[in-house]
Amino acid sequence: MSKRPQRQAVGRLLRPERRHQPKETLEKLCHRAKGVGQSVGVVRRIRYQQLIKKIHQQPELALCENTLEAFKQKLRSNGLIDDLLIQAFAMVRQVAGRELGMLHFDSQLLAGLALLEGNIAEMQTGEGKTLTATLPAAAAGHSGIPVHVVTVNEYLARRDAELMEPVYRSLGLTVGCIVPRMSFVERHAAYSCDVVYCTNKDLVFDYLRDQLVLKQNSNPLHLHSERLRGNSELEASLLLRGLHFAVVDEADSVLLDEARSPLVISGGHGLSEDQVQVYQQALKYAAQLKADEDYLLDRQKRSIQFTGLGEERLKVISRNAGNYWASKVRREDIVYKALTAMGLLDRNHHYLIRDGKVQIIDEHTGRIMEDRSWEQGLHQLVELKEDCELTSPRDTLARMTYQRFFRQYLHLGGMTGTACEVRGELWNIYGLPVVKIPTHKPSKRQYFSPQFHTTANQKWQAVVDRIKAMHQQGRPVLVGVASVGQAQHLHQMLENEKIVHRVLSASHDDEEADIVACAGERGQVTVATQMAGRGTDISLSDEVEAMGGLHVILTEYHDSSRIDRQLAGRCARQGDAGSFEVIVSGEDSSITRALPQQYSLWRLRRAQKKVERRHAVIRRQVFRIDERQDERLAFVG
C-alpha cells in the first residue's frame with residue numbers, strides 16, 4: 001500500500017491523506033474518485049460564495065510601500081487565514097481595476113479561491129483565466145511563496161506576464177517570464193522573481209537540469225551542510241528555488257493529456273559509419289516485409305508485432321548483413337523502429353520538414369517541438385526515410401513525467417474549460433477536486449445539427465459549402481482540422497473556390513497571434529489545427545455580433561472529447577453570439593479503424609470514448625510506475 005505525502009497550504013491543510021487500492025480496476029477507482037472529488041468541490045464552492053460577499057465589502061485601499069510591507073508581514077506570520085485572504089483578494093481586485101480597467105467578476109473571484117486552496121477550477125473558455133490567476137499568485141507571492149504560473153506555450157507565457165505585470169508591480173511583486181532560448185543568467189534571474197510565468201516543458205527541463213547539477217553533489221548530508229554554510233556557489237548553479245506553488249493553466253492538457261510521454265534530457269554523440277549503415281539496412285529490410293503476413297500493424301493502438309513467419313524472413317534476408325544482425329533481439333528491435341517510422345509516423349501529422357530538418361509536431365497542441373527528437377534511433381530512421389541530413393543519436397541523461405513532477409509541488413491548483421469528464425482521474429492521481437465555476441454571462445452558443453458523411457471527400461465538400469454560405473452572410477468562420485496535411489488539403493479547396501482565408505498550423509506557428517486576433521473579423525475564414533483551441537481570445541465587432549458571431553466547424557473528432565469541447569469554446573464567449581457545427585466522415589482518423597464497416601455518428605463517438613479509456617489506462621500505468629520508482633528511491637535514500 002502506498003501513501004502519497006501530504007501537501008500543506010499556507011496556514012491550513014491542503015488535502016487529506018488517501019490510500020490507493022491496487023486491486024481495484026481503473027474504472028472503479030475513477031468512479032469512486034469522481035464522487036469524492038465532486039462532493040469536495042461542491043462543499044468548497046459553498047464556502048467560497050460566503051468569502052466573495054466579504055471581499056466586496058472591503059473598503060478601497062490606498063497602497064503604499066509601508067502598508068504593503070505590513071500586510072506581507074501579517075501573511076507571513078499568520079498564513080492565509082480567511083480575514084487576510086479576503087484582504088489579499090480585495091487588494092488585487094482593486095489594483096486590477098485601477099491599472100487595467102478590469103475588476104474581477106464574481107466568477108473569477110470564485111475560481112481564484114478554488115485555485116488557492118488546491119482545486120481544479122473548471123472555467124468555460126473566454127471567462128478570463130489570465131486575470132483570475134493574479135488572485136492566487138499575488139496572495140501566495142505576498143506570503144513569501146515562490147509562484148509558478150504554468151501555461152501551454154511560449155506565446156501565452158510571454159503575453160500573460162506582460163499583460164499582468166502592472167498589477168503585480170503595483171502590489172510590490174516582481175514578475176519573471178521563462179521562454180526558450182534564454183541564457184542561464186536570464187533564467188536564473190526570472191526564477192528569482194516572486195511570480196514566474198513559464199511553459200510546462202521549460203519548467204520540467206529546468207528542473208531536470210537542476211537534478212543533473214545536484215547529482216554531482218549527490219550526498220544528502222553534503223548538500224545540507226553546504227546550505228547551512230551558505231554556499232552561494234551551489235545555490236547560484238541551480239535555477240529553481242523549489243516546487244512550492246503552481247497554478248496550471250489548461251490543467252487537463254498538462255496534467256493528463258501530456259502525462260503519457262516523459263520529458264528527456266539527452267546528450268549527443270557522433271554518428272559512426274556503421275550506425276548509418278545499420279539504419280539504412282533496417283529501412284531496406286522493413287520495406288521487404290509484408291503487412292499482415294510478416295507483421296501486424298495496428299494504427300489505432302499504435303503497435304507493431306512480428307509474426308513467426310516475419311521473424312524467420314527477417315533472419316533470412318539479413319543473414320549476410322554483418323555481426324549486428326546476428327542477434328535476434330538487435331535485428332528485430334531496429335527493424336521494429338524502421339516499421340514504426342514507415343507505418344506509424346506520418347509527415348504533416350506527426351512531424352513536418354522545415355529547413356531540411358525533421359521537426360516533431362506536439363500531438364496535444366499542434367505546435368512544433370523545437371530541439372526535440374525521438375529516442376534510440378527512431379529519429380534518424382525518420383530522417384533517412386525523408387532524405388534529410390542525419391543528426392546524432394542521443395543518450396538519456398535525465399527523464400521525468402508530468403505526473404511525477406507536478407505531484408511534488410507543496411501546493412497545486414489548475415484551471416481549464418474541460419475538467420468534469422476527467423474529475424475522477426484528477427482526484428485519484430493528484431488529489432485535486434474539480435470546482436465548477438458558473439459563467440459570468442449566460443451562454444448564447446447555438447449548436448447546429450451534426451453532419452455525418454460516408455467518405456472524406458463528401459465531408460470536405462460539405463465543409464466548403466458551409467464556409468461559402470457563412471462567408472456570403474459576412475460571418476467569420478473558424479474550421480478546426482486534425483493535422484497539417486488536412487489544413488493544406490482544405491486550403492487548396494478554398495483556393496479553388498477563390499475564398500480568401502488564412503491557415504494556422506505548425507507550419508505557420510510564428511503567425512499564430514496575428515491570425516487568431518483577426519479570426520473574428522467580418523468575412524474572415526480561418527483554418528486551424530488544435531493550436532487555436534486554447535488560450536487565445538477572438539474578439540468580435542458589434543457588426544459581427546449582430547450577424548450571429550463566429551461560426552466554428554469541427555471536421556474530425558479528436559482522441560479526446562475535451563479537445564472538441566475546447567474548439568466549441570472558441571465561439572460565443574462572455575455572452576457573445578456564436579455557433580458550432582460538427583461535420584465528420586467514416587474515413588476520418590485512427591478512431592474509425594476500430595469500427596465496423598457500417599459507420600455512423602453514434603459509432604464514431606463510441607469509438608472516441610474507447611480511445612479515451614485506453615489513454616486513461618496508459619496514464620494510470622505510467623502513474624503506478626512512477627509510484628514504484630519513488631518507493632525505490634525512498635528505500636535507497
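Search segment 443-468 for residues that are under 17 Å from Gly548 (Cα atoms) and pair each with any residue that is part of a helix (DSSP H, G or I) and at pLDDT 95 or above when their beta-carbon atoms are under 9 Å apart and the residues are at least 6 apart or on different chains.
Once the first residue is under 17 Å from Gly548 (Cα atoms) and sits in segment 443-468, its partners that are part of a helix (DSSP H, G or I) and at pLDDT 95 or above give Phe448/Arg466; Ile467/Leu490; Ile467/Leu494.
Does Tyr279 satisfy the criteria of being hydroxyl-bearing (Ser, Thr, Tyr), surrounded by fewer than 19 Cβ atoms within 10 Å (Cβ to Cβ) and in a helix (DSSP H, G or I)?
No.
Quick one: Gln87 ticks every box in (1) among the polar types (S, T, N, Q); (2) surrounded by fewer than 24 Cβ atoms within 10 Å (Cβ to Cβ); (3) touching a residue at least 60 places away in the same chain (Cβ under 8 Å) bar one, so which box is it?
So the condition that Gln87 fails would be (3).
Hey, Leu345 hits all of (1) surrounded by fewer than 18 Cβ atoms within 10 Å (Cβ to Cβ); (2) in a loop (DSSP other than H, G, I, E, B) but one; which does it fall short on?
With respect to (1) surrounded by fewer than 18 Cβ atoms within 10 Å (Cβ to Cβ); (2) in a loop (DSSP other than H, G, I, E, B), Leu345 is out only on (1).
Check whether at least one residue in segment 564-583 is among the hydroxyl-bearing types (Ser, Thr, Tyr) and at pLDDT below 80, and report yes or no.
Taking every residue of segment 564-583 in turn, none turns out to be among the hydroxyl-bearing types (Ser, Thr, Tyr) and at pLDDT below 80.
Does segment 378-386 contain at least one residue that is in a loop (DSSP other than H, G, I, E, B), surrounded by fewer than 18 Cβ atoms within 10 Å (Cβ to Cβ), in the same structural domain as Leu283 (by TED's automatic domain parsing) and modelled with pLDDT of 85 or more?
There is at least one residue in segment 378-386 that is in a loop (DSSP other than H, G, I, E, B), surrounded by fewer than 18 Cβ atoms within 10 Å (Cβ to Cβ), in the same structural domain as Leu283 (by TED's automatic domain parsing) and modelled with pLDDT of 85 or more.
Exactly one condition in (1) touching a residue at least 60 places away in the same chain (Cβ under 8 Å); (2) surrounded by fewer than 13 Cβ atoms within 10 Å (Cβ to Cβ); (3) not aliphatic (A, V, I, L, M) is not met by Gly322; state its number.
Of everything listed in (1) touching a residue at least 60 places away in the same chain (Cβ under 8 Å); (2) surrounded by fewer than 13 Cβ atoms within 10 Å (Cβ to Cβ); (3) not aliphatic (A, V, I, L, M), Gly322 misses just condition (1).
Spot the failing condition for Gly126; the list is (1) part of a strand (DSSP E or B); (2) farther than 26 Å from Gly431 by Cβ; (3) not basic (Lys, Arg), and only one is missed.
Of everything listed in (1) part of a strand (DSSP E or B); (2) farther than 26 Å from Gly431 by Cβ; (3) not basic (Lys, Arg), Gly126 misses just condition (1).
Are any of the residues in segment 457-475 in contact with a Leu (Cβ under 6 Å, 6 or more places away or on another chain) and at pLDDT 90 or above?
Checking segment 457-475: not a single residue is in contact with a Leu (Cβ under 6 Å, 6 or more places away or on another chain) and at pLDDT 90 or above.
Mind checking whether some residue in segment 519-537 is modelled with pLDDT under 90, in a helix (DSSP H, G or I), among the hydrophobic types (A, V, I, L, M, F, W, C) and buried (at least 22 other Cβ atoms within 10 Å of the Cβ)?
Yes, segment 519-537 contains a residue that is modelled with pLDDT under 90, in a helix (DSSP H, G or I), among the hydrophobic types (A, V, I, L, M, F, W, C) and buried (at least 22 other Cβ atoms within 10 Å of the Cβ).
Residues being part of a loop (DSSP other than H, G, I, E, B) and under 24 Å from Gly578 (Cβ atoms): count how many of those fall in segment 107-123.
Number satisfying all stated conditions: 1.
From (1) surrounded by 23 or more Cβ atoms within 10 Å (Cβ to Cβ); (2) out of contact with any strand residue (DSSP E or B) (no Cβ under 9 Å at 6 or more places or on another chain); (3) not small (Gly, Ala, Ser), pick out the condition that doesn't hold for Phe406.
(2)
The values are calculated or read from the model by the stated rules, or taken from the named source; none is laboratory data. No experiment lies behind these values; they were computed from the predicted model shown. Glycine gets a Cβ as well: all are built from the backbone with ideal geometry, and neighbour counts include every protein chain shown.
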